[in-house]
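Please treat every number below as a calculation from the coordinates, not as lab data. Keep in mind that what you see is a predicted model, and the values were worked out from it rather than measured. Glycine also receives a Cβ, built like all others from the backbone with ideal geometry; neighbour counts cover every protein chain displayed.
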Amino acid sequence: MYKRNFQAISVIFVLLLLISACSNDDHLNTSAAVDCPTCPECPTCPANVETEDCLPAENTEAVVQNQPIGCHSSEKLNSILWIQASGEYLMAATQSYELAKVMLDRGLADPNWTAALEQTGNYSNLPPAVIVDVDETVLDNTPFHASMELIGKNWDTDVFYEWTREARAEAVPGAVDFLQYAHSNGVTVFYITNRVYDVEEATRENLKNNGFPMESGIDTLLMHGEKEGWESSKVNRRTFLAENYRILLLIGDTLNDFLPGTNVGTAERETVLSAYQDYWNEKWILIPNPIYGGWEGAIYDFDYSLSKEQVFDSKINSLETFE
């Protein structure tokens, strides 16, 4: 209840900021406000265009040019609020983890079952394990993303690690219940994250504080850079675990959590994924994340040096419309 009340207050605060932003001098160069369809994030701000210029543009480049200043600065607002405030996200995340329980039971009953492409040889007698991603899979970082949105930035690595060191992220709905269920059935839970090794202890504390199972005798938190070769691709870490465990499930929020070769264009990513449809129907569980991920990077060729405005332009130009 506290979290929902806090989120409601946050929503009101963000909306007030947006109203304020759309009332500045740069936005008041017209005598009449127009409800501009090319300004979806700021529908009531007075646009710096004549009414007839606010009709849908013939091409996406014109749509970008017609954006009133500041109106597209909050492009991720709905995505963040969907996670923080909607019952739909609560249902979707919880359903994903309930499905994971069903599939875990199937995997335990079938000694030939594995979810890891890296699993080879005779693994039927290996102890069972599941691999989960951390960010937006078991830990909810939307307060950080909301802060970025309010200052008009896509990302700030330093601020993100300030946030992670505070160990205040709450659990994704359904995650603790499922992983405790797995743990109670003798399944070892491994967390593979691309957080840097420097924040391992803070991440471990955050997981423990939320009630996630952590083994005392082995390191179940595998960080980016913790060992040689443990880079952004998670293949080496999955291979490392597959030598000693039968991997029953992979759970994540982006394709990189399941298989390599996904840092390619949107169409190419779909082709890569389609080859493993049997896996994502049963053994790969996706947690919804509309804020960021490989799907977004594919739109602007994974050029994370782009400004927020350049990213926005790339997204606009990638839209498929009915015209």
Revision key, fill the gap. The local net charge around I285, scoring Lys/Arg +1 and Asp/Glu -1 for residues other than I285 whose Cβ lies under 12 Å from its Cβ, equals -3
Practice item. Please list the non-local residues whose amide H lies under 5 Å from the amide H of W230, H modeled 1.01 Å from N, same-chain partners needing a gap of 5 or more. Key: G225
Check your understanding: Which order results if L99, L250 are arranged by neighbouring Cβ count within 10 Å, fewest first?
Key -> L99, L250
Practice item. Grab the beta carbon distance between D219 and L319, set R0 = 41 Å, and tell me the FRET efficiency rounded to 0.05. Key: 0.40
Exercise for review: Could you tally the net charge around Y181, taking each other residue with its Cβ under 15 Å from the Cβ of Y181, Lys/Arg +1 and Asp/Glu -1?
Suggested key: -1
**Study point:** Centre separation in Å (Cα based) which lies between segment 146-203 and segment 206-282
**Key:** 14 Å
Check your understanding: How far apart, in nm, are the 7 Å Cα→Cβ label points at D301 and K227?
Key -> 3.6 nm
Revision key, fill the gap. Net charge near W163 (other residues with Cβ under 12 Å of its Cβ; Lys, Arg +1; Asp, Glu -1) is -3
Practice item. Would you mind giving the average projected area, over all directions, of the Cα convex hull of segment 86-299 in nm² with one decimal? Key: 11.9 nm²
Review point. Among 233-246, 208-221, how do they line up from the highest to the lowest mean number of other beta-carbon atoms within 10 Å?
Key: 233-246, 208-221
